[in-house]
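Just so it is clear, none of the values below were taken in a lab; they were calculated from the coordinates. What you see is a predicted model, and the numbers here were worked out from it, not measured in a lab. Here Cβ is always computed from backbone atoms with ideal geometry, including for glycine, and neighbour counts include all displayed protein chains.
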Amino acid sequence: MHRYKFVLHRPLQFLPVLFGISVITFVLVRLIPGDPARVLLGTKSTPAAIAAIRAQYGLDQPIWLQYFYFLQNLAHGEMGKSILYKIDVLKLITTRIEPTLTLVLCSVLLSLVIAMPLASLAARSNGGPADHAVRFVSTFGIGFPPFWLALMLIIFFSVRLDVFPVSGYGETVVDKLYHLILPSLTIALSLSTVLIRSLRTAMIAELKGDVATAARARGMPESIVFWRHVMPNSLVPTVNLLAVNVGWLIGGTVVVESVFALPGMGQLLVRAIFSRDYMVVQGVAMVFACATVLVNFLADIVTVAIDPRVKQ
Amino acid sequence: MSEPLLSVRDLSVVFAGEDGPRTLIDSLSFDLGKGEILGLVGESGSGKSLTCRSLVRLMPSPKLAITSGTVMLDGKDLTTVSEADIREVRGRDIGMIFQNPTSHLDPLMRIGDQIAEGIRVHRGVDSKEARAVALDILAQVGFPHPARQYNGYPHEFSGGMRQRAMIGVALSCDPRILIADEPTTALDVTIQAQILRLLMDLRESRGLSVILITHDLGIVAQTCDRIAVLRQGRLLEIGDKRDVLGRPQHPYTQNLIASHPSMPERQALAVIAQEPVPLKARPLVEIDDLHVRFPVTGRGLFSGGPREFAAVKGVSLQVMPGETVGIVGESGSGKSTLARALLGLTPISEGHVTFDGADIVTERTKALRKLRRETAMVFQDPYNALNPRLTIGATLAEVLAVQESVPKERIPERIGELLDLVGLEREFASRKPLSMSGGQCQRAGIARALAVNPKLIVADECVAALDVTIQAQIVDLFRDLKQRLNLTLLFIAHDLAIVRNLCERVVVMYHGQIVEEGPTEDVFSAPREAYTQALIDAIPDIDPDKPLVSPRGGDALAEETSGLVTGEIS
């Protein structure tokens, strides 16, 4: 099991990465024009009130000192207090993380469920009508932005057919998943087009490749050639592509959560940005960044599990 | 030969190209007897691989089709049986092994499972029983620890063991015929000898019939019963190996035999007229106690300091101006690393390399400038070494312009001269590599090397990828150039016979060290080291009556069969 030794070593490499991410998000958030105190006070803002709020949240300190306090808080497991919600940012995030996590997971699974059969179909008919149809559809998929796709799905499934809810999130597990079907489908349709292209290309190469020829030469039927040899070998590059697309996926949840009014992190982030709630924005950005690092780490583990040649 | 097992009659294969159909295999007929090894010989493009693929209808492209003829096995014509029937024939009656086991074994699957797969599908047994059979087969093809090695992945084994695994896969369903497509071309000579021995043993123990495709007449002479010579899809000659090799009928076969770089008779102390090197001459290249080490990847935070792999360990060598030195050794012996270090392409860990008085370590800038102006390299794969988008003329002009050795207006003239030197028509200046043959490309590669006006040319396995007749032509070209231009040539090769034909002095490398060096004839006729002897013995001789010396025991064999590669870098 020495193959998996990197699982122990890798987390240490995360520390400098996370440090860099925290500096960048911290500074970038403060570069956004506007003042949280002014937004919070709205029409009631007076110079004195603004100064009081700024002092209360430490915004009157120099930026490096603010960052130092931020790190100090982080060491105690705190991310500061939300200016808008008046509660600890970490607590706020924990209440919002579940819908987003479920949404991402469902989207990835759904996109694989869509991509694998379609890519197989296209690759096996390489150049045939099925291949052209799949390529045509997936090219369209790339062209449709998720927010438009989300609206079309709502109009068709929720308004016309009335089979799925228009928006919101449920209470029970079944109800929650039921509410997530359309949002996941929105993201999965976009993501699967990328996966289909990658998988199809890899499969066509593998189908013509030496491994498949050798399998045919020992009399394996096409189904075994495909499922036992072509498919696993084609999945290796696709898993990495999926990991690279996680950043894009998170961007997708922000849009989709807003459209479907899902109480997740994406929606939280959008509101926080509008109200210049610095603490929340940098907290959510940190969580998203950590998630991206973590997903790539998981992808590495999966790659090692599928491909014994990879040594980390 | 009594009743043939497999009988091919008037087989034709046609390629439906864009500019009309092309016949790639033209009315081929031959028989294969039970327990017979038939050698299919021919150069690249002769259709020998395609013939064998056609026997089991594994066409490499959908544009290829069998247009006429029959392939009879057990009274059935394999060209007309159903798809399901031919699938039963593949693996069950006819097994196949390939030139490159690395690309043909599934990298994600344990080798034992790849053998068991066929057993499960063809015999319909459960996985436990299939595993037992697979373990037995692993032992038969020479895996010393089947139970442990069953779980190994292809990349964990050396090239020779991978080919054994491939043979195991092909034999999993007990076929009567084995088609071996250049099974040893990618292997070192000593490993090649072991694999050929294994094939012959399997023929004995299983009564297997083998069709052996090869370009090496030495291999056919040593292993086959009969030989079929193919050229451009036609069968030129077929017969008993002694008849074909001893009294070749067709001029092409005669040429093929003449081109074979076979070892001349081993004479006791062969006297070769050799020009004594003037004692006062300063060596052009001086290598002194050279070490080259590479860091081994996989360095972790907890595994201590960086680990290193020593590719060259303490080599000292002098090359005089005008000398031709051959460096031979198996893959991983450090011969290419030595050449790269000498040209300043690989960092030197320890020791000194001096080129024409300039030390690469202490006077790096000066030495590198000198090296780039006065040395050139010729590479193994001529297609990959030439820019496919540039014409040969543009490639040569580029070198001439950078070197500024000839004035701009004289460049076209110089290109013409260079092409003359390497024996290419001047019209090749406007051709691109992909429209040329391998031999023509290699000539262009040599012309590019000569464009520098080099004092030293390093040729790294530069004929390994070429057909024998072309090999012979390129070696002749080198010999000719050496004399006309007073070149110093460092010729790296794994093929001892070619080195013997071309080089005055030979250096034998093993595991990063020089084990033996001296005048070529002395080394080959009376090798002092057991390793050199083993290398020479492993070369299949074209004379069938000089049997292949069975591979030595000792360390090399032990290393090969121990199963796991030690991380050698070639």
For this session: Find the relative contact order for chain B and round it to a whole percent, using C-alpha pairs within less than 8 Å whose residues are 6+ positions apart.
Result: 16
Problem set entry | Cα-centred dipole magnitude for segment B:6-258, charges only on beta-carbon of K, R (+1) and D, E (-1), debye, nearest 20 | 220
Exercise. With a Cα-only, solvent-free Debye model of the protein assembly as shown, what are the log10 I(q)/I(0) values at q = 0.05 Å⁻¹?
Worked result: -0.41
For this session: For each of B:462, A:106, count neighbouring Cβ atoms within 10 Å of the residue's Cβ, then give the residues from fewest to most.
Result: A:106, B:462
Problem set entry | Theoretical gain in end-to-end length, residue A:55 to residue A:19 [0.36 nm per residue, Cα-Cα removed] | 10.3 nm
Exercise. How would you classify segment B:312-354 from its alpha-carbon gyration tensor, with a ≥ b ≥ c the square roots of the eigenvalues: rounded for a/c under 1.5, else prolate if a/b is greater than b/c, otherwise oblate?
Worked result: oblate
Problem set entry | Cα gyration tensor category, rounded, prolate or oblate, for chain B with a/c compared to 1.5 | prolate
Problem set entry | Cβ-based exposure ranking for A:104, B:41, in which fewest neighbours within 10 Å come first | A:104, B:41
Exercise. Counting Lys and Arg as +1 and Asp and Glu as -1, what is the net charge of the other residues whose Cβ lies under 12 Å from the Cβ of residue B:69?
Worked result: -2
Seminar exercise, completed: When the charge dipole of segment A:95-306 is computed with +1 on Lys and Arg Cβ and -1 on Asp and Glu Cβ about the Cα centre, the Cα farthest towards its positive end, among A:116, A:103, A:163, belongs to A:116
Seminar exercise, completed: Taking R0 as 22 Å and r as the Cβ-Cβ distance between residue A:64 and residue A:8, the FRET efficiency 1/(1 + (r/R0)^6), rounded to the nearest 0.05, comes to 0.05
Seminar exercise, completed: Comparing A:183, A:99, A:117 in a Gaussian network model of chain A (Cα, 10 Å), the one with the largest mean-square fluctuation is A:117
Problem set entry | Residue-averaged [θ]222 nm for chain B, counting only DSSP H segments that reach four residues, each worth -39500 (n - 2.57) | -11000 deg cm²/dmol
Exercise. Under the definition of Cα pairs under 8 Å and six or more residues apart, what whole-number percent is the relative contact order of segment A:151-254?
Worked result: 22
Exercise. What full-extension length gain, to one decimal in nm, is calculated for residue B:398 and residue B:486 as 0.36 nm per residue of separation minus the Cα-Cα distance?
Worked result: 29.2 nm
Exercise. Which entries in B:366/B:455; B:241/B:546; B:455/B:482; B:370/B:455; B:313/B:335; B:48/B:76 show an alpha-carbon gap greater than 18 Å?
Worked result: B:48/B:76
Exercise. So what is the calculated 222 nm ellipticity per residue for chain A, using -39500 (n - 2.57) for each DSSP H run with n of 4 or more, over all residues, to the nearest 500 deg cm²/dmol?
Worked result: -24500 deg cm²/dmol
Seminar exercise, completed: If each part is reduced to its alpha-carbon centroid, segment B:79-125 and segment A:252-288 end up apart, in Å, by 55
For this session: Among A:148, A:64, rank each residue by its count of other Cβ atoms within 10 Å, from fewest to most, as a rough exposure measure.
Result: A:64, A:148
Exercise. Along the Cα-to-C-beta direction of residue A:27, a point sits 7 Å from the Cα; which residues of segment A:40-75 have their amide N less than 14 Å from that point?
Worked result: A:63-65, A:67-68
Exercise. What fraction of the DSSP beta bridges in segment B:6-258 is antiparallel, stated in percent and rounded to the nearest 5?
Worked result: 55
Seminar exercise, completed: Taking Lys and Arg as +1 and Asp and Glu as -1, residues besides residue A:85 with C-beta under 11 Å from its C-beta add up to +3
Exercise. Which is the longest part of chain B that has none of the GluC sites (Glu not before Pro) sitting in a DSSP loop with at most 12 other Cβ atoms within 10 Å?
Worked result: B:19-264
Exercise. How would you classify segment B:67-134 from its alpha-carbon gyration tensor, with a ≥ b ≥ c the square roots of the eigenvalues: rounded for a/c under 1.5, else prolate if a/b is greater than b/c, otherwise oblate?
Worked result: oblate
For this session: Just need the relative contact order of segment A:173-312 here, percent rounded to a whole number, with Cα pairs under 8 Å and 6+ apart.
Result: 24
Seminar exercise, completed: In a Gaussian network model of chain A with springs linking alpha carbons closer than 10 Å, the residue among A:82, A:223, A:258 that fluctuates most is A:223
Seminar exercise, completed: To the nearest 0.05, the calculated FRET efficiency linking residue A:294 and residue A:76 through their beta-carbon distance, R0 being 22 Å, is 0.50
Seminar exercise, completed: Between the modelled labels at residue A:39 and residue B:243 (7 Å from Cα along Cα→Cβ) the distance in nm is 9.4
Exercise. When DSSP beta bridges are limited to those with both residues in chain B, what percentage is antiparallel, rounded to the nearest 5?
Worked result: 55
For this session: Calculate how many DSSP beta bridges within the protein assembly as shown are antiparallel, expressed in % of all such bridges and rounded to the nearest 5.
Result: 55
